[in-house]
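The values are calculated or read from the model by the stated rules, or taken from the named source; none is laboratory data. Computed from a predicted structure; not experimentally measured. Every residue, glycine among them, receives a Cβ derived from its backbone with ideal geometry; neighbour counts consider all protein chains shown. Quick note on the areas: whole protein, heavy atoms, side chains included, nothing else; ligands and nucleic acids left out. Shrake-Rupley method; radii C 1.70, N 1.55, O 1.52, S 1.80 Å.
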Amino acid sequence: FRKGQALAVFNAPETRAALEGARAGLSAAGLARDLARKQESRMDTLYASRVAALRELEGAQADRRAAEAAWAQARAQVDQMASGTTLEAPFDGVVVRRHVDPGATVGPGQPLLDIRSNEVGEITSSVPESELARLTAAHAEYQIGEGPWRPAVLLRVDGMTDFATRSRVARFRPAQGTVLEPGAFG
């Protein structure tokens, strides 16, 4: 998938109806905004010709500003509702696992997909507590399967020491920009 592509669409009937209602409200607000702009333009011309009073021009300007604010509010409501119906990809990548099938009923917080980025990945490794001090000066290499050994660069050491294993997680990146397969064992 590509960044921004829809990974999941939530298609509940009540959500569809609410979204259609919000879109209709946006359309009505757009028409009111356009009419208020025309009315303001007319009043501006009439005021310049000394046919209309300043109070009438100011009223038309206030009506236009109110109509534009109503349109912006309707636009935000449509955007908010639409964003809640589609799950977009945050980056280019691949779907590793689907947790639900199309048409399934889902609840808040339920995992839908496992996704991985196509960018150069990281290598995570548990490093014994006794070796942490030497880690920054160490020469790091990795091997995927039976492939060649390749250089790696230490990015960071995460969190605190795991009390059960007396180790911490170190994150490495391939030094030469080699693309790693998501989930591969190295």
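Accessible surface of LEU31, taken over heavy atoms with a 1.4 Å probe and every protein chain present, rounds to 120 Å².
Axis of helix 54-83 versus longest Cα principal axis of the chain: the two differ by about 30°, to the nearest ten degrees. Rolling a 1.4 Å probe over the protein heavy atoms leaves THR86 with an accessible area of roughly 50 Å².
Where the convex hull is taken over the Cα atoms of segment 59-113, what is its projected area averaged over directions, in nm²? The partial results should precede the final answer.
Numbers: hull surface 24.6 nm².
Over all viewing directions, segment 59-113 projects a mean Cα-hull area of 6.2 nm².
Simple rule: put +1 on each Lys or Arg Cβ and -1 on each Asp or Glu Cβ in segment 1-141, find the dipole, and look at SER126, PRO90, VAL51; the Cα lying farthest toward the positive end is VAL51.
Classify segment 110-186 from the C-alpha gyration tensor, please: rounded if a/c falls under 1.5, else prolate or oblate depending on whether a/b exceeds b/c. Verdict is oblate for segment 110-186. Charge dipole of segment 71-175 (Cα centre as origin; +1 on each Lys and Arg Cβ, -1 on each Asp and Glu Cβ, all else neutral): 160 debye, rounded to the nearest 20.
For segment 1-149, the share of accessible area belonging to carbon and sulfur comes to 52 percent (1.4 Å probe, ligands and nucleic acids excluded).
Computed from Cα positions, the angle between helix 13-48 and the longest principal axis of the chain comes to roughly 50 degrees. The modelled label-to-label distance for the pair GLU56/THR178, using points 7 Å beyond Cα in the direction of Cβ, is 8.0 nm.
Would you mind getting me the FRET efficiency between ARG23 and GLU146? Use the beta-carbon distance for r and R0 = 41 Å, nearest 0.05. Computed FRET efficiency for ARG23 and GLU146 comes out at 0.10.
Charging the Cβ of each Asp and Glu at -1 and of each Lys and Arg at +1, and nothing else, the dipole of the chain about its Cα centre rounds to 460 debye.
Taking the Cα centroid of segment 92-153 and of segment 5-49, what is the distance between the two, rounded to the nearest whole Å? Result: 45 Å between the Cα centres.
Calculate, for segment 38-130, the solvent-accessible area per residue in square angstrom, rolling a 1.4 angstrom probe over the heavy atoms of the protein chains.
70 Å²
Calculated on C-alpha atoms, the gyration radius of segment 32-186 divided by its Kirkwood radius gives an Rg/Rh of 1.37.
Rounded to the nearest 20 debye, the dipole magnitude of segment 30-91 is 260 debye, with +1 charges on Lys and Arg beta carbons, -1 on Asp and Glu beta carbons, and the Cα centre as origin.
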